[in-house]
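Before anything else, here's the structure in question.
The values are calculated or read from the model by the stated rules, or taken from the named source; none is laboratory data. All values derive from a computational prediction rather than experimental measurement. Ideal geometry is used to build each Cβ from the backbone, glycine not excepted, and the neighbour counts take in all protein chains shown. Only protein heavy atoms, including side chains, enter the accessible area calculation; ligands, DNA and RNA are left aside. Shrake-Rupley method; radii C 1.70, N 1.55, O 1.52, S 1.80 Å.
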Amino acid sequence: GEDVEQSLFLSVREGDSSVINCTYTDSSSTYLYWYKQEPGAGLQLLTYIFSNMDMKQDQRLTVLLNKKDKHLSLRIADTQTGDSAIYFCAEGLNNAGNMLTFGGGTRLMVKP
Amino acid sequence: DAGVIQSPRHEVTEMGQEVTLRCKPISGHDYLFWYRQTMMRGLELLIYFNNNVPIDDSGMPEDRFSAKMPNASFSTLKIQPSEPRDSAVYFCASSPNRALVTEAFFGQGTRLTVV
């Protein structure tokens, strides 16, 4: 079956860039998503990218996709303490909510 | 709209007891999803409904789990009897027609602890 892997933990200093990485196994994935989960809160969709794109930028967020290597990354520029959260990578065959496979999440800690 | 509302936020129960988790989707959303989040297995889809009808329950771990959606504004996930391995955070999410992920909203989750 599909598998999505992420590193468990990342620590950065405020103002630095954060790069959260994700690998997936399903080559037929069409949509790739990044979610943010703050303490005690649900998942918030941050951004997503189609598999025919290499990069997507949205303000401080940059998503890079290497489809050949099945590698997805989320770069957060000028990381702030408010960015401290768990970030989940997810992939889907289509944009349907029943077809998502999530990674285990990367806990980002931002030190002042 | 207040978003997807789940209750309770936290639940602690003893093994063998029945547990009922509740979800109120966003008004007008036709799709409702129940997810379970654990350290070991990450986030998994348990079941989803379309217009109050269960469409796919293949993610429900076993017969001890059941979910209902008696009307468009309310859904329950019941575990009977509960076991310690059911301890997890249970999320409900809703989305408008076509169940698009990019239009789905998650609730804050219910943290269940079974002792």
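Computed FRET efficiency, Cβ-Cβ of B:D30 and B:S66, R0 22 Å: what is it to the nearest 0.05? Please report the intermediate quantities before stating the final value.
Numbers: r = 21 Å, r/R0 = 0.97.
Using R0 = 22 Å, I get an efficiency of 0.55.
Let me ask something else about it. Please report, in Å, the Rg and the Dmax of the protein assembly as shown, where both are computed over Cα atoms only.
For the protein assembly as shown, the Cα-based Rg and Dmax read 17.6, 50 Å.
Which value, in Å to one decimal place, does the Kirkwood hydrodynamic radius take for chain B when every pair of different Cα atoms is included?
Working: mean 1/r = 0.0718 Å⁻¹.
Its Kirkwood hydrodynamic radius stands at 13.9 Å.
At most 16 other C-beta atoms within 10 Å and a DSSP loop state: those are the exposed trypsin sites (Lys or Arg not before Pro) I care about. Give me the longest piece of chain A that has none. Walk me through the numbers on the way to the answer.
Numbers: sites that count: A:R60, A:K67, A:K68.
Longest run free of exposed loop sites: A:1-59.
Any chance you could check the Cα centroid distance between region B:33-107 and region A:1-27 for me, in angstrom?
26 Å
Can you tell me the FRET efficiency between A:D69 and B:T76 if r is taken as the Cβ-Cβ distance and R0 is 45 Å, rounded to the nearest 0.05? All intermediate terms of the calculation are to be shown ahead of the outcome.
Working: r = 43 Å, r/R0 = 0.95.
According to the calculation, E is roughly 0.60.
Here is a follow-up. Quick check: with the 1.4 Å probe, what order do B:M69, B:M39, A:M109 take by accessible area, largest first?
Details: B:M69 15, B:M39 190, A:M109 90 Å².
Listed by decreasing accessible area, they come as B:M39, A:M109, B:M69.
To the nearest 10 Å², what's B:H10's accessible area with a 1.4 Å probe?
The accessible area comes out at roughly 130 Å².
Please find the FRET efficiency linking B:M15 to A:M109, where r is the Cβ-Cβ separation and R0 is fixed at 41 Å, and quote it to the nearest 0.05. All intermediate terms of the calculation are to be shown ahead of the outcome.
Values: r = 34 Å, r/R0 = 0.83.
Efficiency at R0 = 41 Å is approximately 0.75.
Can I ask one more? Among the lysines, which fall within straight-line cross-link reach of A:K68, defined as a Cα-Cα distance under 23 Å, with same-chain neighbours fewer than 8 residues apart omitted?
A:K56
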